[in-house]
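Take a look at the structure below.
The values are calculated or read from the model by the stated rules, or taken from the named source; none is laboratory data. For clarity, every value in this text was computed on a predicted model and none was experimentally measured. When we count neighbours, we look across all protein chains shown, and the Cβ atoms used for this are built from the backbone with ideal geometry, even at glycine.
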Amino acid sequence: MKNQNIYKVDAHTLRVFLKVCELQSVSRAAEHFNLNQSTVSNILDRLRQALGYKLLEKVGRNIVPTENAKALIPRASEIVSAIEGLPDTGTYDPMEDDRPVTIAGNLNSILESLVLIRNAIWEACPGRHVRFMEMGSRDQMEDILSTGKADFLIAVRTVKYPPSFLSHLLFRDTSIAYYDPSCRDAPDTYEKYFASRHGVLDFGGYVRSTIDTEVKRLEGHRDIVCSASNVSVLAEMMRGTDLVVSMPSRLRHDVLKDFAWCTLPYLSEARLSFDLLWHKRTSDSSRQKWLLDIIQSLDLDTSLAVNVSNSTSQGGSGTKP
């Protein structure tokens with residue numbers, strides 16, 4: 001028979017449990033919620049009694065979840081996210097909300113846009129905690145939004161999003177080919193490009209990148225000999241080699257500014273659309289509407305173009321896309 005105490009578990013209890021697991025500390029979680037440690041300990045003890053198993057154990061100086069608690073974390077996250085996303089008609093006061101605004105994505109590729117979004121949130125609510133997290137592979141997108149790990153995702157548009165997603169176009173860009181001019185010439189023909197050795201950004205998973213999809217459509221093949229999950233690391237791997245890396249053009253003014261570049265010789269339209277994504281469940285939340293109003297009011301296409309035109313690249317060269 002199910003323990004009847006389970007029906008007394010509320011969203012606040014789960015939020016406290018999740019925060020302790022995240023911070024690996026009762027004292028830091030207590031500070032986050034402006035509670036004393038004994039109150040947090042009592043909340044955790046009530047949850048333990050309701051569930052009937054141990055939740056946390058001490059490892060060194062940290063508090064870590066047990067195996068049973070690890071299995072509970074995604075379910076608790078989804079429950080809390082669902083409750084927070086319930087429709088509300090009250091007035092949202094961002095100054096009274098202690099939850100960080102969390103945005104996930106492949107951060108190196110979208111740094112300029114993240115800075116502009118952060119600044120806009122700070123202008124509307126000074127000092128608001130804005131948190132950025134790596135998305136990893138595109139396979140993680142649905143899990144990140146459905147469990148409430150992030151408020152929003154920023155990702156390159158795919159043919160089809162999960163039906164639970166809503167989206168808004170943030171900005172556009174173009175893919176170009178980067179290379180070290182001290183080690184090779186430009187891969188500016190179909191033959192040179194596909195005869196080259198390639199480096200790629202790889203987060204694991206099974207969803208094809210935009211470049212991979214186009215290469216497959218052309219029945220081409222890239223000889224991929226190096227990959228990394230971070231653009232900065234990939235740039236260092238390319239330095240002093242004959243590698244070719246196909247990435248968004250805005251990176252030529254930032255992390256890839258030391259390299260030469262050329263347009264992709266095989267694409268008739270090498271356009272990339274970067275979308276802001278969120279879960280339908282949160283669309284009626286006053287908090288989410290407040291954030292969306294701020295982000296959607298930004299003209300990132302224009303703002304990023306101005307930033308690019310004002311940047312001073314040292315060592316970049318090639319034909320403009």
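Check region 287-308 and report whether any residue there is at pLDDT below 85, more than 26 Å from the chain's Cα centre (by Cα) and of a type in the set (A, V, I, L, M, F, W, C).
No, because not a single residue in region 287-308 is at pLDDT below 85, more than 26 Å from the chain's Cα centre (by Cα) and of a type in the set (A, V, I, L, M, F, W, C).
Is it fair to say Ala120 is under 30 Å from Thr302 (Cβ atoms), in the same structural domain as Ser249 (by TED's automatic domain parsing) and among the small types (Gly, Ala, Ser)?
No, not satisfied.
Consider Leu166 carefully, then state whether it is hydrophobic (A, V, I, L, M, F, W, C), modelled with pLDDT under 90, surrounded by 14 or more Cβ atoms within 10 Å (Cβ to Cβ) and in the same structural domain as Gln288 (by TED's automatic domain parsing).
No.
Tell me, yes or no, whether region 257-264 has at least one residue that is in contact (Cβ under 8 Å) with a residue 60 or more places away in the chain, β-branched (Val, Ile, Thr) and not in a strand (DSSP E or B).
Within region 257-264, not a single residue is in contact (Cβ under 8 Å) with a residue 60 or more places away in the chain, β-branched (Val, Ile, Thr) and not in a strand (DSSP E or B).
Only one of Ala155, Ala235, Ala186, Ala150 is closer than 24 Å to Ile294 by Cα, small (Gly, Ala, Ser), at pLDDT 85 or above and not in a strand (DSSP E or B); which?
One residue alone meets the criteria, Ala150.
Would you mind finding the one in Tyr161, Tyr178 that is under 19 Å from Phe274 (Cβ atoms), outside the structural domain of Lys280 (by TED's automatic domain parsing) and either in contact (Cβ under 8 Å) with a residue 60 or more places away in the chain or surrounded by 19 or more Cβ atoms within 10 Å (Cβ to Cβ) (or both)?
Exactly one residue qualifies, and that residue is Tyr178.
Pick from Ile121, Ile144, Ile117: which is crowded, with 16+ Cβ neighbours inside 10 Å, in contact (Cβ under 8 Å) with a residue 12 or more places away in the chain, out of contact with any helix residue (DSSP H, G or I) (no Cβ under 9 Å at 6 or more places or on another chain) and not in a strand (DSSP E or B)?
Answer to the check: Ile144.
Only residues that are of a type in the set (S, T, N, Q), surrounded by fewer than 24 Cβ atoms within 10 Å (Cβ to Cβ) and closer than 25 Å to Thr213 by Cβ: list them for region 240-268, please.
Ser249, Thr263, Ser268
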